[in-house]
Amino acid sequence: MADKNQNEQLVEGNDWLEEYEGQLAVDVFQTPDAVIIKTPIAGVKKEDLEITINDEVVTIKGQRHADKEIDKENYFVQECYWGAFSRSYVLPIATDSENASAALKDGILTLTIPKQERTRTRKIEVSG
């Protein structure tokens, strides 16, 4: 078991985290009509999120606020990331950013970005 000095060094050694911007993990997939991006962002309020989309890039920025009532020296371990985070993702196909939507439910952010008509999958009948 580590003594108090070692624990203090571990907590103090994480000061670099205060200036580090976290990065989100994302799942990106397509349906016939849209590109869907899902990311877990538990503990983040919707007012602490900023989402920008153009026809090529989606950027999700936010802030996860730490509990200010707990002093650093009282932590045994602190593995959860608290602070600013961001993630940009280059969309692989043309999308309609004007009609994109975002929903936050049960700690999962889901972005739905419609495909442009020219990139939608369509069935073509064979004649002859």
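The values are calculated or read from the model by the stated rules, or taken from the named source; none is laboratory data. Note that the coordinates shown come from a computational prediction; the quantities given were computed from them, not determined experimentally. So basically every Cβ, Gly included, is an ideal-geometry build from the backbone, and we count neighbours across all protein chains shown.
Exactly one condition in (1) modelled with pLDDT of 90 or more; (2) within 23 Å of GLY22 (Cβ to Cβ); (3) loosely packed, with under 12 Cβ neighbours inside 10 Å is not met by PRO92; state its number.
(2)
If the requirement is being of a type outside the set (A, V, I, L, M, F, W, C) and at pLDDT below 90, which of these qualifies: GLY107, GLY83?
GLY83
For residues that are assigned to a loop (DSSP other than H, G, I, E, B) and of a type in the set (D, E, K, R), scanning just the range 110-122, find the one that is modelled with the lowest pLDDT.
ARG120
Residue by residue, here is whether (1) on the phi < 0 side of the Ramachandran plot; (2) under 13 Å from the mean Cα position of the chain (by Cα); (3) touching a residue at least 60 places away in the same chain (Cβ under 8 Å) holds:
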site: ILE51; (1), (2), (3): yes, yes, yes
site: GLU56; (1), (2), (3): yes, no, no
site: GLU69; (1), (2), (3): yes, no, no
site: ASN74; (1), (2), (3): yes, no, no
site: GLN78; (1), (2), (3): yes, no, yes
site: ALA84; (1), (2), (3): yes, yes, yes
site: ARG87; (1), (2), (3): yes, yes, yes
site: THR95; (1), (2), (3): yes, no, yes
site: GLU98; (1), (2), (3): yes, no, no
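Here is a list: GLU125, GLU47, GLU73. Which entry is more than 24 Å from VAL28 (Cβ to Cβ), out of contact with any strand residue (DSSP E or B) (no Cβ under 6 Å at 6 or more places or on another chain) and modelled with pLDDT of 90 or more?
So the residue among GLU125, GLU47, GLU73 that is more than 24 Å from VAL28 (Cβ to Cβ), out of contact with any strand residue (DSSP E or B) (no Cβ under 6 Å at 6 or more places or on another chain) and modelled with pLDDT of 90 or more is GLU47.
Take the residues in the range 58-67 that are farther than 22 Å from VAL28 by Cβ and surrounded by 12 or more Cβ atoms within 10 Å (Cβ to Cβ); name whichever of them is nearest to the chain's Cα centre (by Cα).
Looking at residues that are farther than 22 Å from VAL28 by Cβ and surrounded by 12 or more Cβ atoms within 10 Å (Cβ to Cβ), I get GLN63.
Take the range 21-43 and flag every residue that is at pLDDT below 90, of a type in the set (A, V, I, L, M, F, W, C) and either surrounded by 14 or more Cβ atoms within 10 Å (Cβ to Cβ) or assigned to a strand (DSSP E or B) (or both).
LEU24
Restrict the check to the range 69-81 and report whether at least one residue is part of a strand (DSSP E or B) and surrounded by 15 or more Cβ atoms within 10 Å (Cβ to Cβ).
no
Hey, can you tell me all the residues within the range 56-79 that are farther than 23 Å from GLN23 by Cβ and among the acidic types (Asp, Glu)?
Within the range 56-79, GLU69, ASP71, GLU73 meet the criteria.
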